[in-house]
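Read through the structure below, which is laid out as structure tokens, and then see the notes.
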Amino acid sequence: MGNFYPCILEMLSLLDATRQLAQDIAEKIQERNRCQRSGESSAKINVAIRSSLQNLREKIDQLKELLLRAVSTRQITQLEGDRRQNLVDDLLTRHKQLEASYKNEGPEPDMTRSSLMTGGVKRGVTNPWLLEEPEETRGLGFDDLRQQQRRIIEEQDAGLDALSSIISRQKQMGQEIGNELDEQNEIIDDLTNLVENTDDRLRNQTRHVKMVDKKSTSCGMLVVIVLLLIAIVVVAVWPIN
């Protein structure tokens with residue numbers, strides 16, 4: 001909704017300026033015609049009318065661009081875009097009517113205010129560009145809309161600040177968790193090294209025990225052999241009766 005207001009405000013301001021310009025052109029054309037009927041010079045008025053008609057066409061083109069942007073960025077619905085396109089088409093028709101009156105190819109422009117409100121806008125609608133507006137903005141003036149827009153922006157800024165604070169805390173927690181994991185990984189690495197060292201020592205001790213056992217077995221055999229040799233000698237030298 002925050003993106004909705006700037007586009008609406010710009011279109012409202014431009015629409016009012018375009019209507020006022022059409023009103024001024026109609027008044028100048030009638031003034032030019034009065035001068036022509038009375039025989040007075042109307043050269044300056046014609047120059048002003050030509051310039052105003054060009055300005056009017058430029059403003060209508062700007063309205064078309066704003067409307068296209070609002071629809072393409074989905075700031076308004078397609079249905080509402082079609083309604084507002086009808087208003088732009090009415091302004092284009094009004095521009096052609098004024099051009100024809102300026103060139104004396106059509107009737108004098110209607111000076112009534114209702115005819116300048118883009119050709120038949122219903123009475124009771126203060127601004128057709130506000131059709132299907134939210135209830136909280138309906139009937140508000142420019143100053144009220146700007147104030148409401150500023151309030152919404154401030155609320156959004158406050159929300160963004162709160163979100164930024166939460167993200168900062170989450171980031172800090174993530175860093176602390178990361179540091180804790182690094183410490184745990186170091187402890188695990190130390191334990192792994194300790195286990196590997198213990199395993200190496202166990203292997204060495206096992207080999208040593210095997211060597212001692214092997215040596216013990218060899219010594220036992222030697223003792224047995226020596227004892228047998230002694231027994232044989234004794235038997236050999238023992239006198240026979």
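Surface exposure of region 146-200, expressed per residue as accessible area with a 1.4 Å probe, stands at 85 Å². Could you calculate the FRET efficiency of Asp16 with Arg169 from 1/(1 + (r/R0)^6), where r is the beta carbon distance between them and R0 is 45 Å, rounded to 0.05? It comes out at approximately 0.40. The distance between label points at Ile177 and Ser41 comes to 8.4 nm (points 7 Å beyond Cα on the Cα→Cβ vector).
Stretching the chain fully between Glu31 and Leu68 yields a gain of 9.7 nm (0.36 nm per residue, less the alpha carbon separation). Take the Cα of Gln148, step 7 Å toward its Cβ, do the same at Ser51, and the gap between the two points is 3.8 nm. Restricting the calculation to Cα atoms, region 149-214 shows an Rg/Rh of 1.68 when the hydrodynamic-style radius is the Kirkwood one. Each peptide in 37-48, 69-80 receives the mean, over its residues, of other Cβ atoms within 10 Å, and ordering these scores from highest gives 69-80, 37-48.
Rounded to whole numbers, the Karplus 3J(HN,Hα) couplings from phi for region 159-171 are x, 5, 4, 5, 5, 4, 5, 4, 5, 5, 5, 4, 5 Hz, using 6.51 cos²θ - 1.76 cosθ + 1.60 with θ = phi - 60°, and x at Gly and Pro. Per-residue packing, averaged as other Cβ atoms within 10 Å, sorts the ranges 16-28, 157-169 into the order 16-28, 157-169, beginning with the highest.
Each residue of region 1-81 gets 75 Å³ once the volume of the Cα convex hull is shared out per residue. Placing a pseudo-label 7 Å from each Cα along the Cα-to-Cβ vector at Gln23 and Glu155 gives an inter-label distance of 3.4 nm.
The values are calculated or read from the model by the stated rules, or taken from the named source; none is laboratory data. Just so you know, these numbers come straight off a predicted model, no measurement behind them. Cβ sites come from the backbone with ideal geometry, for glycine too, and all protein chains shown count toward neighbours. These area figures cover heavy atoms from the full protein model, side chains too; ligands, DNA and RNA do not enter into them. Shrake-Rupley method; radii C 1.70, N 1.55, O 1.52, S 1.80 Å.
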